[in-house]
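Readers should treat all values here as calculations from the given coordinates under stated rules, not as data from a laboratory. Just so it is clear, the structure is predicted and the values come from calculations on it, not from any experiment. Every residue, glycine as well, gets a Cβ built from its backbone with ideal geometry; the counts of neighbours run over all protein chains shown.
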Amino acid sequence: MAFDVNTNSLEQYWLPFTRNQDFKKDPRIITKASGVYMTDHKGGTVIDGSSGLFCSPAGHCHPKIIEAVHQVMQDLTYVAPFGTAHPLSFALAEQISRLLPENFNHVFFVNSGSEAIDTALKMVMAYHSSMGENRSRFVSRERAYHGVNIGGVSLAGLVNNRKTFQSVMPNVAMMRHTWDADELMVRGQPQRGVELADDLQRMCDTYGGETIAACFVEPVAGSTGILAPPVDYLERLREICDANGILLVFDEVITGFGRIGGKFAADVFGVTPDIMTIAKALTNGSIPMGAVATSDHVHDVISDKSAPGAIEFFHGYTYSGHPAACAAGLAALSIYEDDGLYDRAAEMSPYFLDSVFQLKDHPMVKDIRGIGMAAGVELHDKGGQAQIDLFWNGMHVKFTGNTGILAPMFISEESHIDEMMEKLTKTLDGLV
């Protein structure tokens, strides 16, 4: 689709997480995409180094997803999800459950990762209410990102996300983050840092474990720049939660569907939470959708202990389980399995990480962290300028502060990784 910035107004659209005044002086507009490449409004080719926002491991505009959505829209454009349903919602929930830990057989559909987190918060509250427990405190972590709705912002450990809105849920305590300034350039899990999980035990000792409802963690902290958990860290959190009756919630919005070397982080690290949030790659980024999956125990407590005749979980969204989104999700999951993309991601990871860590001695680079098909390249400064310069050098990378987050599509060839590294190196050289 053509777009002329000289004849089309840029004033009405308020871009998210963007300094709009600067953007409108130098707009970066995508008009077409296919596979690993996008086209900007000037006709330039841009390789996608972050799978959009970690959404599209199978590549942009996959024909099987387009066809699946087209077909369902011939019969269903909308079904009200309160009290009615459609066949694809059941089919997708079943397919998701097959990918999850053995006792995860219940899926609640939402429209984004942010909605998934706020839904998980309400599930936690409903669970403890059903158990007759008065738990009102939540534990999260510094440098965490859990979306932008009120609950997620309250759980966030990124200062800029919290500072305007943080007073809404003041009953959130923060564990320390796991980045170690004395252990840089870590590939995979850090060997040091398991003791940081004892922050949760300290909070149990301080506030009383019986007051803490849940501990929310990203198994790999994504938006802050790829922080893998120290060895045995997640296992220790699980132990503390079990000992104190605390629910453990994994935010797998980024890590889900193959990003770090297995279908989900719960598989990779061998730790099973009580609740999982998923989104992004669920539909390969084609249509907004997220989900919250729960263990049978959590679901059954909420369901079985509800008042007779009452709605078990009084929550939902107008577009929960939308037919087009379900069709996209079913097609995406089929592609991941049929095309062997989970295995391909694991096989491509060594080449990708070898390539990224070649930047470790670059004068602009402060630190690199990487696991699976995700890496954070932290610069000493100029992160904002690096993101813009990269785009005009033909590469999209999502930056948080001074950290560029590389997350190639699973369909990438070694030549695509090489191209990304060439463009990234050229851009960093220009910033020295």
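How would region 323-394 be classified by its alpha-carbon gyration tensor: rounded, prolate or oblate, with rounded meaning a/c under 1.5 and the a/b versus b/c comparison settling the rest? The partial results should precede the final answer.
Details: a/c = 3.40, a/b = 1.78, b/c = 1.91.
Because a/c hits 1.5 or more and a/b fails to exceed b/c, region 323-394 counts as oblate.
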Ranked on Cβ counts within 10 Å of their own Cβ, fewest leading, D182, D339, D251 go D182, D339, D251
When the chain is treated as a Gaussian network with springs between alpha carbons less than 10 Å apart, the largest mean-square fluctuation among D338, D267, D198 is found at D338
Could you tell me how far the Cα centroid of region 29-100 sits from the Cα centroid of region 183-215, in Å? 36
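Please state the relative contact order of the chain as a whole percent: Cα pairs under 8 Å, 6+ residues apart?
Working: 856 pairs, mean separation 94.1, N = 432.
After rounding, I find 22 percent.
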For region 1-58, what does the alpha-carbon gyration tensor say about shape, rounded, prolate or oblate, given a ≥ b ≥ c as the root eigenvalues, a/c under 1.5 as rounded, and a/b over b/c as prolate? oblate
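With 10 angstrom as the radius, rank I368, I30, I335 by how many other C-beta atoms surround their C-beta, starting from the fewest.
Numbers: I368 24, I30 17, I335 21.
By the 10 Å Cβ count, ascending: I30, I335, I368.
Report the charge-dipole magnitude of region 278-372 in Debye, nearest 20, computed about the Cα centre from +1 at each Lys and Arg Cβ and -1 at each Asp and Glu Cβ.
Roughly 440 debye, rounded to the nearest 20.
By count of other Cβ within 10 Å, fewest leading, how are T119, T77, T272 ordered? Show your work: numbers first, answer last.
On the way: T119 25, T77 10, T272 19.
Result, fewest neighbours first: T77, T272, T119.
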Once you've got the GNM for the chain with C-alpha springs shorter than 10 Å, pick whichever of G157, G35, G132 has the biggest mean-square fluctuation. G132
Where a Cα-Cα gap under 24 Å defines reach, which lysines qualify for K24, not counting those fewer than 8 residues away within the same chain? K32, K42, K382, K398
So how far apart, in nm, are the two label points at N8 and R202 if each is 7 Å from Cα heading toward Cβ? 5.1
Distance in Å, no decimals, from the C-alpha centre of region 124-141 to the one of region 232-268 is 19
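Using DSSP to define loop residues, name the GluC sites (Glu not before Pro) in region 365-432 whose beta-carbon has at most 14 other beta-carbon atoms within 10 Å.
Values: sites: E378, E413, E414, E419, E422; in loops: E413.
Hits after loop and neighbour filter: E413.
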Most fluctuating residue given options T403, T277, T31, as computed from a GNM of the chain linking Cα atoms under 10 Å: T31
Percent antiparallel among DSSP beta bridges (both partners in region 66-338, rounded to 5): 45
Neighbour-limited loop hits for GluC sites (Glu not before Pro), region 140-199 (at most 15 other Cβ within 10 Å; DSSP other than H, G, I, E, B): E183
For a test of the definition: using alpha carbon positions, the gyration tensor, and the 1.5 limit on a/c, classify the chain as rounded, prolate or oblate. oblate
